[in-house]
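Structure, as structure tokens:
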Amino acid sequence: MSKIQELLRQRRHEELWRMCCGFIELSLDEFMAIQRELLLEQIHFLRGCEFGRKMMKGHMPETVEEFRKQVPLTTYADYCPELIERREEVLPAKPVHWARTSGKSEQYTCKWIPISRGQWEELSTVLCAPRLFATCRYRGDVSSLSTNSKVLYATAPLPYVSGVIACKTQEDFGFRYFPEPSESDQMPFMERLEKGFWMALSDGMDGFYGLSGVLVAIGERFQQGASNVKLSALVKKPKVLLRLLKGKVKSSLQRRPMLPKDLWRIKGMSCGGTDGVVYREKIQQMWGTRPLDVYAGTEGLVYAMQTWDYTGMTFVPNLNFLEFIPEDEYFKWLIDRSYQPKTVLLNEVKADNSYEMVITNFHGGAMVRYRIGDMIRITALRNENLDIDIPQMTFDRRADDLIDIAGFTRLNERVIWQAIENTKIVYTDWTGRKEVVGDKPVLRLYLELKDGYKPGKQAIKLAIHDQLKKLDADYANLESMLGLVPIEVSLLRSGAFADYIAKQVSEGADLAHLKPRHINPSDEVLSTLQAKPGRKIIITTKLDVGAKVR
């Protein structure tokens, strides 16, 4: 039995809260003291191994200041071939898991990241914190936390970090996943989702572990078709039949299509990434629960999370040493790639400023002053509402996901996506990049509308343009000062994104590469999206969840 389960069983709730959520009680000075102490321990790990000495370019720093001055910033290319080849003997500590994430096809097809025993053990309390924050009503409230919860498992399996985290939460909380990861990790994603979905219909569901987009997709399928399911076809599945009957009654009384919240009562949920921010309101409407933002990644596991007031995210002190490249330093590097950007520490960041994240793993991890490629924004220097004395942040964008228009504004994925969502256009998916029309630079959006939605292209263009003006003052100035409407819209045929996914599946692409990126797609990607109809993937089952090919 894990320590967390033992504390819950013995009802030692105050001790459990302190162990998992005590970091929000730290002063900023105390937070920085933990950071420095753990970095000095990590430097000792690095000094004692071949790999660490390579990362530190032969330097032997003895202080935090020497470490930041002497050790250069790194990208994944600096860790090759050791991590690509998974050479455990050279690392600071022997891994208990290897996690993978997507790579750059011209250099490596994936990135492998080792997770040490120390990181694995420290992860227990860090992962418990968002579960508590997502279910508590006030500081110290543990009343809604339980073990043996039934959770829909709808994300990438091992060896992706989402699969690693699933293993850890199952170990610590005794989750019952639908379906069980050990049984389903070899299944195609949609087949696994379909199986888990039907298990949840039969046995109920307390939580969800997966992608925000999957939550929204399930909700949309309900709105489109679940209310029309022939209940007579389910007489041999009485539990499913009863749940659907109750759901039909709830939705009928409110005179709306059936939604997931009519079938399940979710105690709390967390999600991360750009789509989590964009889909937050939709998720709450469909599932009846507001999702808690968690900022996490393969290279550093968990960086920050929201608390129970659902405002900015609070940084976690005990998994990574945190440094931040100010945006002006980042742009200097963009102009001159030989330039070494200066970093600041958490006690030096400024509110309303954006920074590129740099991490050094603690507890024998491998990443050293590693640029994870994310831009975050400091929303406040502390959480005044909850008296948390640690700077608050939100995920802003991938560092390279920018579209510069006329030197006036730099639009990122989150802003563009939010603008499209705000128009209420019914669409399947989108992608966009900077193009030149005549002699003027524009943001060109490629949209696939859903069947039956037929507004004019000009109307869509102006609707998105108006939303971008509301979300980005610099973009608005392009029209007010220069008379520009720097956006064009191209409509893709129905099924374009499904065909792209089918092509990727047929070529053996992994889960991370099935969908095209939203920002700056290549000519090859656009060519595939604009090609004539081919082999289609239709997402459907008896409840419009699943996949089949035609």
Q: Report yes if some residue within segment 297-307 is in contact with an Asp or Glu (Cβ under 8 Å, 6 or more places away or on another chain) and outside any strand (DSSP E or B); otherwise report no.
A: no
Q | Given (1) outside any loop (DSSP other than H, G, I, E, B); (2) without any contact (Cβ under 8 Å) to a residue 40 or more places away in the chain; (3) touching a Lys or Arg at 6+ places or on another chain (Cβ under 9 Å); (4) surrounded by 19 or more Cβ atoms within 10 Å (Cβ to Cβ), number of the condition SER251 does not satisfy | A | (3)
Q) What residue, among those in segment 374-391 that are within 19 Å of the chain's Cα centre (by Cα) and in contact (Cβ under 8 Å) with a residue 60 or more places away in the chain, is nearest to ARG139 (Cα to Cα)? A) THR379
(Q) For the structure I just gave you, tell me whether ASP387 is in contact with a strand residue (DSSP E or B) (Cβ under 6 Å, 6 or more places away or on another chain) and outside the structural domain of GLN530 (by TED's automatic domain parsing). (A) no
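Residues are listed down the side, and each one gets a yes or a no for (1) in contact with a helix residue (DSSP H, G or I) (Cβ under 6 Å, 6 or more places away or on another chain); (2) small (Gly, Ala, Ser); (3) surrounded by 17 or more Cβ atoms within 10 Å (Cβ to Cβ):
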position	(1), (2), (3)
GLY364	yes, yes, yes
ARG369	no, no, yes
GLY373	no, yes, no
ILE376	no, no, yes
ASN383	no, no, yes
GLN392	no, no, yes
PHE395	no, no, yes
ASP400	no, no, no
(Q) Among the residues of segment 499-519, are any assigned by TED's automatic domain parsing to the domain that holds ASN412, modelled with pLDDT of 90 or more, assigned to a strand (DSSP E or B) and within 27 Å of ASP396 (Cα to Cα)? (A) no
**Q.** Residue in segment 220-238 that is at pLDDT 80 or above, assigned to a helix (DSSP H, G or I) and over 21 Å from THR289 (Cβ atoms) present
**A.** yes
Q. Can you spot a residue in segment 460-479 that is among the aromatic types (Phe, Trp, Tyr) and crowded, with 16+ Cβ neighbours inside 10 Å?
A. yes
Q. Are there any strands (runs of 3 or more DSSP E) wholly within segment 422-495 with 3 or more residues that are among the charged types (D, E, K, R) and in contact (Cβ under 8 Å) with a residue 40 or more places away in the chain, and if so which?
A. 427-437, 440-449
Q. Does at least one position in segment 282-293 carry a residue that is surrounded by fewer than 22 Cβ atoms within 10 Å (Cβ to Cβ), outside any loop (DSSP other than H, G, I, E, B), in contact (Cβ under 8 Å) with a residue 12 or more places away in the chain and more than 19 Å from the chain's Cα centre (by Cα)?
A. yes
Q: Test each condition in (1) at pLDDT 90 or above; (2) over 30 Å from ILE266 (Cα atoms) for PHE315 and report the one that comes out false.
A: (2)
Q) With (1) surrounded by 14 or more Cβ atoms within 10 Å (Cβ to Cβ); (2) in a strand (DSSP E or B) as the list, and ASP404 as the residue in question, which single condition is left unmet? A) (1)
**Q.** PHE208 of a type outside the set (D, E, K, R), part of a helix (DSSP H, G or I) and modelled with pLDDT of 80 or more
**A.** no
Q | Hey, GLY174 closer than 22 Å to VAL277 by Cβ and either without any contact (Cβ under 8 Å) to a residue 12 or more places away in the chain or not acidic (Asp, Glu) (or both) or not | A | no
Q: From (1) among the polar types (S, T, N, Q); (2) in contact (Cβ under 8 Å) with a residue 12 or more places away in the chain; (3) more than 30 Å from LEU215 (Cα to Cα); (4) surrounded by fewer than 22 Cβ atoms within 10 Å (Cβ to Cβ), pick out the condition that doesn't hold for SER338.
A: (2)
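Table: residues versus (1) of a type in the set (A, V, I, L, M, F, W, C); (2) modelled with pLDDT of 95 or more; (3) in the same structural domain as THR155 (by TED's automatic domain parsing).
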{"position": "GLU15", "(1), (2), (3)": "no, yes, no"}
{"position": "LEU26", "(1), (2), (3)": "yes, yes, no"}
{"position": "CYS80", "(1), (2), (3)": "yes, no, no"}
{"position": "LEU91", "(1), (2), (3)": "yes, yes, no"}
Q | Among the candidates THR428, THR409, THR394, THR423, residue that is more than 16 Å from PRO521 (Cβ to Cβ) and within 23 Å of the chain's Cα centre (by Cα) | A | THR394
Q | Selected residue [acidic (Asp, Glu) and touching a residue at least 24 places away in the same chain (Cβ under 8 Å)] from GLU89, GLU82 | A | GLU82
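Each row is one residue, and each column tells you yes or no for (1) farther than 20 Å from ARG131 by Cα; (2) among the aromatic types (Phe, Trp, Tyr); (3) touching a Cys at 6+ places or on another chain (Cβ under 9 Å).
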| residue | (1), (2), (3) |
| --- | --- |
| SER144 | no, no, yes |
| LYS150 | no, no, no |
| LEU201 | yes, no, no |
| ASP206 | no, no, no |
| ILE218 | yes, no, no |
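Condition check ((1) farther than 28 Å from VAL505 by Cβ; (2) touching a Pro at 6+ places or on another chain (Cβ under 8 Å); (3) assigned to a loop (DSSP other than H, G, I, E, B); (4) not assigned by TED's automatic domain parsing to the domain that holds GLY268) across all residues:
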residue	(1), (2), (3), (4)
SER124	yes, no, no, no
CYS128	yes, no, no, no
LEU132	yes, no, no, no
GLY140	yes, no, yes, no
SER144	yes, no, yes, no
CYS167	no, yes, no, no
GLU171	yes, no, no, no
GLU183	no, no, no, no
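The values are calculated or read from the model by the stated rules, or taken from the named source; none is laboratory data. Here the structure is a predicted model, which is why all the values come from computation and not from measurement. Heads up, the Cβs are rebuilt from the backbone with ideal geometry, glycines too, and the neighbour counts pull from every protein chain shown.
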